[in-house]
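Inspection log for the structure reproduced underneath, given as structure tokens.
The values are calculated or read from the model by the stated rules, or taken from the named source; none is laboratory data. All figures in this text were calculated on a predicted structure; none of them were measured in a lab. Cβ: placed from backbone, ideal geometry, glycine included. Neighbour counts: every protein chain shown. Accessible surface areas use protein heavy atoms only, side chains included; no ligands, DNA or RNA. Shrake-Rupley method; radii C 1.70, N 1.55, O 1.52, S 1.80 Å.
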Amino acid sequence: MTAAADPAPERTPMLSVRSLHVRYGAAQALRGIDLDVYAGEVVTVIGGNGAGKSTTLKTVSGVSEMLKHVDGSITFLGKDIVRKPAYRIARMGMAHVPEGRRVFPDSSAEENLMLGAYRRKDSDIASDLEAVYARFPILAERRRQPAGLMSGGEQQMLAIGRGLMAKPTFLLLDEPSLGLAPLVVEQVFAAIRQLKAEGLTILLVEQLATKALAVADRAYILETGSVVMSGSATDLAHDPKVRAAYLGA
Amino acid sequence: MSDVTQIAVYTLTIGSIYGLVGFGYSLIFSTTRIVNFAQGTLVLVGGYLAWDLYAHAFHGDVALPIILILVVLLSALIGVLVDLVGVAPLGRFDPRTNVSWLVTTFGLGIVAEELVRRYISDSSQTLPGLVHSLPLFGSRRLPFGVAVSASDVLLVVVPIIVVVLLEVIQARTRLGRAFRAVAQDRQAASLMGINPTVMVMIAFALAGALAGLAGVLVAPRLNVRFNISVTLGVYGFIAAVIGGLGSTRGAMIGGYLIAFVEAFTGVWNPFSSGEVYKPIAVFIIFIAVLAVRPSGLFGKKIVEKV
Ligand SMILES: Nc1ncnc2c1ncn2[C@@H]1O[C@H](COP(=O)(O)OP(=O)(O)OP(=O)(O)O)[C@@H](O)[C@H]1O
Ligand SMILES: [Mg+2]
């Protein structure tokens, strides 16, 4: 089960990563990763601490400080984006909700959301803002409050909402469950399921493997900078090795 | 002249200049986390540019306000040059561990000063007041016998207008919001599609413009001379740090505070000659404020991001 089950072999992937190597100084964080995401899919990347999950997302979205030490190719919507600056990649329709949320702490919740829509010029911004408030009602209550004073769960919803305000074609989520109470984790995964139902393409990094595999179509398992397994999420969820290592079974 | 009014006039005029220069430091610090050591020199450059335009290019027949506008625009360009030559080429760097910016900004300040010496003038010059009279305000005597000129009024009013205007732009406009986003989290801002390089360039342009403005406004009072770059550079920096680097109104408040301390020391001093003790008093206040509030009066703690 090493080759991912290609969901639609005749189509070209929305995102295609080939032989990606990333180095932090002398430390090799990624040792040649291949990864594809097709339009409409939810793909998850699972792995332990330090496996290279965030490095993968940061290199794809261009936000990494280490772009000089990147080798390999990344193609998004048919264009080579490796080493492109993050703001250009964001303008192509990729929204990265980073690990640790990274909301703008001094700005209000609403200002944060509006910054998500910074590049948009269409007339749907106001209705999309209302849609985010409908999706996460707690944000509507906190709209005037500085984001830095919000709880972790509220900040996570704000970070996702901010990403959605860009009206992305492709959403990167880095450990959206990190540090959240179980009930709030449920809310976040409910939101991901809903986004999937709406047809959004998502690349989800998670340590909560059970939950991630339950929502994803396909999955990659990352260990010390290499993909050690990949395939359909249901297959991986039933694989004995995966169950032993990541599902606590 | 009454001591009280003398102190008040000094505080409001010189304090606002310290504040303008400090505001420049703050703008650059908040977007880049570096201190632009060329900032003081840009004040001097602004003063000499104004004098040169006044005395040579236009032979004194162009209204000084037009010269002011020209100098502010030129200074903004010089600010951008400092960024393009001294800071942008350093790439994405961590300003805490990679301190090349210290050398490049300081070095560019020296270069700019030497260019002024070589091509404009190497001695003190005087620039007449920007305006000889303002509507509703000629040069007049206030109660207590304080003489206040029209250019002093500009010195007090223009910086306040500029700072308020920039604060409103930051809070209300799309560009201002993008600027604040970069100041809060440069990487997260770039994920919003904001180009941080452009915002940093805007910060340098504004800081240059503010320094040039300060140089022209202060000229009728302090003349156009070389040691102004050190005085205003250092005091502007202290104003920004006291106010909280990164806070806009903080720099202004810091400027008024240290000008007040200077004026106060000059007037009420247990020792006879106040001049010598002014810098000492300023540094004591500087250290006292930092001891109580390490991130300045209006500064926020810089939270380290993981
Ligand atoms: N800025 C950095 N400088 C140096 N090394 C780094 C840096 N960022 C990450 N690393 C190293 O690269 C490796 C991969 O890190 P990465 O953050 O991608 O892991 P991760 O899978 O996201 O882990 P976690 O689940 O803990 O978030 C780790 O060994 C980490 O120590
Ligand atoms: Mg991570």
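Quick one: which residue in A:SER54, A:SER61 is closer than 16 Å to A:SER16 by Cβ and within 16 Å of ligand 2 (Cβ to nearest atom)? Please lay out each step first, then the result.
Working: A:SER54 fails: closer than 16 Å to A:SER16 by Cβ.
Exactly one of A:SER54, A:SER61 is closer than 16 Å to A:SER16 by Cβ and within 16 Å of ligand 2 (Cβ to nearest atom), namely A:SER61.
Would a scan of segment A:56-73 turn up a residue that is away from chain B (no Cβ under 14 Å), within 13 Å of ligand 1 (Cβ to nearest atom) and outside any strand (DSSP E or B)? Yes, segment A:56-73 has at least one match.
Filtered by the rule that a residue be open to solvent by 10 Å² or more (accessible area, probe 1.4 Å), within 13 Å of ligand 1 (Cβ to nearest atom) and more than 26 Å from A:ILE192 (Cα to Cα), segment A:14-55 gives A:HIS21, A:ARG23, A:TYR24, A:GLY25, A:ALA26, A:ALA27, A:GLN28, A:ALA29, A:ARG31. Please go through segment A:106-118 and pick out each residue that is open to solvent by less than 10 Å² (accessible area, probe 1.4 Å) and either in a loop (DSSP other than H, G, I, E, B) or within 7 Å of chain B (Cβ to nearest Cβ) (or both). Listed by number, the residues that qualify are A:SER107, A:LEU115, A:GLY116, A:ALA117.
Tell me, which helices (runs of 4 or more DSSP H) wholly within segment A:149-249 include 1 or more residues that are in contact with a Pro (Cβ under 7 Å, 6 or more places away or on another chain)? Spell out how you get there, then give the answer.
Numbers: elements: A:152-164, A:182-197, A:209-215, A:233-238, A:240-246.
The qualifying helices (runs of 4 or more DSSP H) are A:152-164, A:182-197.
When A:GLY93 is tested against the conditions (1) more than 9 Å from chain B (Cβ to nearest Cβ); (2) in contact (Cβ under 8 Å) with a residue 12 or more places away in the chain; (3) farther than 23 Å from A:PHE76 by Cα, the lone failure is (3).
Of all residues in segment A:79-102, those that are among the β-branched types (Val, Ile, Thr) and open to solvent by 10 Å² or more (accessible area, probe 1.4 Å) total 1. Could you list all residues from segment A:123-136 that are more than 14 Å from chain B (Cβ to nearest Cβ) and farther than 24 Å from A:SER177 by Cβ? A:SER123, A:ASP124, A:ALA126, A:SER127, A:ASP128, A:LEU129, A:GLU130 - these are the residues of segment A:123-136 that are more than 14 Å from chain B (Cβ to nearest Cβ) and farther than 24 Å from A:SER177 by Cβ. Does A:ALA51 satisfy the condition of being assigned by TED's automatic domain parsing to the domain that holds A:ARG218, in contact with a strand residue (DSSP E or B) (Cβ under 9 Å, 6 or more places away or on another chain), over 24 Å from B:GLY193 (Cβ atoms) and not aromatic (Phe, Trp, Tyr)? Considered against the rule, which asks whether it is assigned by TED's automatic domain parsing to the domain that holds A:ARG218, in contact with a strand residue (DSSP E or B) (Cβ under 9 Å, 6 or more places away or on another chain), over 24 Å from B:GLY193 (Cβ atoms) and not aromatic (Phe, Trp, Tyr), A:ALA51 comes out as yes.
Within the set B:PHE204, B:PHE237, the sole residue that is open to solvent by less than 10 Å² (accessible area, probe 1.4 Å) and of a type in the set (Phe, Trp, Tyr) turns out to be B:PHE204.
Does segment A:191-209 contain any residue that is over 26 Å from B:GLY193 (Cβ atoms), open to solvent by less than 10 Å² (accessible area, probe 1.4 Å) and in the same structural domain as A:GLY40 (by TED's automatic domain parsing)?
Taking segment A:191-209 first, the residues over 26 Å from B:GLY193 (Cβ atoms) are A:193, A:197, A:207-209.
Remaining after also requiring open to solvent by less than 10 Å² (accessible area, probe 1.4 Å): A:209.
Checking the rest, the ones that are also in the same structural domain as A:GLY40 (by TED's automatic domain parsing) come to A:209.
Yes.
Each row is one residue, and each column tells you yes or no for (1) within 14 Å of another protein chain (Cβ to nearest Cβ); (2) open to solvent by 10 Å² or more (accessible area, probe 1.4 Å).
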{"site": "B:PRO159", "(1), (2)": "no, no"}
{"site": "B:LEU166", "(1), (2)": "no, yes"}
{"site": "B:GLN170", "(1), (2)": "yes, yes"}
{"site": "B:ALA189", "(1), (2)": "yes, no"}
{"site": "B:ALA209", "(1), (2)": "no, yes"}
{"site": "B:GLY215", "(1), (2)": "no, no"}
{"site": "B:ASN227", "(1), (2)": "no, yes"}
{"site": "B:GLY233", "(1), (2)": "no, no"}
{"site": "B:PHE264", "(1), (2)": "no, yes"}
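A:ALA214 fulfils the conditions (1) outside the structural domain of A:GLY248 (by TED's automatic domain parsing); (2) under 18 Å from the mean Cα position of the chain (by Cα) except for a single criterion, (1).
On the given criteria, is A:THR44 in a strand (DSSP E or B), more than 13 Å from ligand 2 (Cβ to nearest atom), out of contact with any His (no Cβ under 9 Å at 6 or more places or on another chain) and hydroxyl-bearing (Ser, Thr, Tyr)? Yes. Does segment A:137-147 contain at least one residue that is within 14 Å of chain B (Cβ to nearest Cβ) and either part of a loop (DSSP other than H, G, I, E, B) or of a type outside the set (A, V, I, L, M, F, W, C) (or both)? Scanning segment A:137-147 turns up at least one residue that is within 14 Å of chain B (Cβ to nearest Cβ) and either part of a loop (DSSP other than H, G, I, E, B) or of a type outside the set (A, V, I, L, M, F, W, C) (or both). With respect to the conditions (1) within 21 Å of B:ALA219 (Cα to Cα); (2) in contact (Cβ under 8 Å) with a residue 60 or more places away in the chain, B:VAL82 falls short on a single one, namely (1).
Which residues, taken from segment A:211-229, are hydroxyl-bearing (Ser, Thr, Tyr) and within 10 Å of A:ILE46 (Cα to Cα)? Correct list: A:TYR220 only. Restricting attention to segment A:221-236, the residues that are within 16 Å of ligand 1 (Cβ to nearest atom) and either within 14 Å of chain B (Cβ to nearest Cβ) or open to solvent by 10 Å² or more (accessible area, probe 1.4 Å) (or both) add up to 6. For segment A:127-144, the condition holds for no residue, the condition being that it is within 16 Å of ligand 2 (Cβ to nearest atom) and at pLDDT 95 or above.
Condition first: more than 8 Å from every other protein chain (Cβ to nearest Cβ) and in a loop (DSSP other than H, G, I, E, B). Now tell me which residues in segment A:96-105 satisfy that.
A:GLU99, A:ARG101, listed by residue number.
Taking segment A:23-41 as the region of interest, how many residues are within 14 Å of chain B (Cβ to nearest Cβ) and within 15 Å of ligand 2 (Cβ to nearest atom)? Qualifying residue count for the region: 1.
Which of the following residues is at positive phi, more than 16 Å from ligand 2 (Cβ to nearest atom) and either touching a residue at least 40 places away in the same chain (Cβ under 8 Å) or in the same structural domain as A:ASN49 (by TED's automatic domain parsing) (or both): A:GLY163, A:GLY78, A:GLY100?
Testing whether each residue is at positive phi, more than 16 Å from ligand 2 (Cβ to nearest atom) and either touching a residue at least 40 places away in the same chain (Cβ under 8 Å) or in the same structural domain as A:ASN49 (by TED's automatic domain parsing) (or both) leaves just A:GLY78.
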